[in-house]
Amino acid sequence: MKSDFTADLLHWYDEAAADLPWRRTKDPYHVWLSEIMLQQTQVATVIPYFERFLVAFPTVQALAQAPLDDVLKLWEGLGYYSRARNLHRAAQMIAGDLDGVFPQTADGLQNLPGVGRYTAGAIASIAFNQVAPVLDGNVIRVFARLADLEADVTQADTRAQLWQIAERLVPMTRPGDYNQALMELGRTICKPRNPLCGECPVQAHCLAYAHGTQDERPVKTARAATPHYDVAAGVIWNDEGKLLIAQRPLDGLLGGLWEFPGGKQEAGETLPECLQRELQEELAITVDVGELFTVVRHGFTHFKITLHAFTCRYASGPPQTIGVRDFAWVTPDELAQYSFGKADREVIAALDARKNMLL
């Protein structure tokens, strides 16, 4: 079954493979960069970021030498910012400790920050022709249908079984093309809903199709309800017409990005009270909280927030880096020089809209 399945899949890939910029080279820097960007992100979204990154940082050495703020600014809007921080750390490791040479095995690649088993297998097989398996969301779906797995794919023992399938099926020849074909099959044909079984090149090997259970695979435990938090932020002006922004600590959510300072509302406090407390705890300042400026709703991977941004007037206390990495007083036009998360960029858009109304 292995040789027939592999042959059918590769034959389809040779005819139907999408022309993607990172497939035009085996340069490990390009392959690595694309695989990091593609983690939990759609291909169409990644392409322009990938191309801009290579213009700004054409080599791993250029990326290693760049300030982290520049890397985060170029990553802005791509999300999952820990990927950018890990990318920068890994580039510094490769350029420094490894003398600019990428590890060529899956085991060696997993020593790089941000590179897990799946990403290591993808890079090793595509860039170095190593016989290494991959298992991402798309491939899990393909294998769960191929084997008609009734077990929950979110469970550790089932995931181990899927890795065994992946290891067994990866071919000795063209492992990189095979792994890319698997991922492309899951992305374009073996979709989460309404899979295009009539167009599937490996339909003859699929037990779920044979049993009519393709819409029931893969089996997953229902997710718990997503938590929601109210957050207060300050659009804080001083007497010189400048705004106070703060940089988040490097570790944790949105690490290294800039924001309008504030934080999560606690039980029993109003949003203005929340803002006053957070500003004291993070920056040791007091402000006069004014009107509600704008409200932004945003979803992260495991929770959602409603961000309430208030217009504030700086009152007292020199800002201190207590709960933040850095702070800056900037003009509205200078905000574009800093990297912000999506919710804060919507606050900036509201500032721009108000400014344009006054022109």
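Brief remarks on what is shown
- Here residue 90 clears all of (1) crowded, with 16+ Cβ neighbours inside 10 Å; (2) in a loop (DSSP other than H, G, I, E, B) except the condition numbered (2).
- Counting only strands (runs of 3 or more DSSP E) that fall entirely inside segment 277-359 and contain at least 3 residues that are of a type outside the set (A, V, I, L, M, F, W, C), more than 25 Å from residue 71 (Cα to Cα) and assigned by TED's automatic domain parsing to the domain that holds residue 238, the qualifying elements are 286-299, 304-316.
- Looking across 7, 44, 18, one residue alone is at negative phi and assigned to a loop (DSSP other than H, G, I, E, B). It is 18.
- The lone exception for residue 175 - which of (1) surrounded by fewer than 22 Cβ atoms within 10 Å (Cβ to Cβ); (2) within 25 Å of residue 41 (Cβ to Cβ) it fails: (1)
- Helices (runs of 4 or more DSSP H) within segment 133-249 that include 1 or more residues β-branched (Val, Ile, Thr): 137-146, 156-169, 175-188
- Of the candidates 22, 12, 32, the single residue that is in contact (Cβ under 8 Å) with a residue 24 or more places away in the chain and touching a Cys at 6+ places or on another chain (Cβ under 9 Å) is 12.
- Meets criteria (surrounded by 21 or more Cβ atoms within 10 Å (Cβ to Cβ), within 24 Å of residue 183 (Cβ to Cβ) and either modelled with pLDDT under 95 or under 21 Å from the mean Cα position of the chain (by Cα) (or both)) for residue 132: no
- Residue match in segment 78-85 (condition: touching a Gly at 6+ places or on another chain (Cβ under 8 Å) and in a loop (DSSP other than H, G, I, E, B)): yes
- Looking across segment 57-77 at every residue that is hydrophobic (A, V, I, L, M, F, W, C) and part of a loop (DSSP other than H, G, I, E, B), the one that is surrounded by the fewest Cβ atoms within 10 Å (Cβ to Cβ) is identified as 66.
- Residue match in segment 272-281 (condition: surrounded by 20 or more Cβ atoms within 10 Å (Cβ to Cβ) and within 21 Å of residue 349 (Cβ to Cβ)): yes
- Within segment 299-318, tally of residues that are closer than 16 Å to residue 277 by Cβ and in contact (Cβ under 8 Å) with a residue 60 or more places away in the chain: 3
The values are calculated or read from the model by the stated rules, or taken from the named source; none is laboratory data. In this text the structure is predicted, and so the values were computed from the model without any measurement. So basically every Cβ, Gly included, is an ideal-geometry build from the backbone, and we count neighbours across all protein chains shown.
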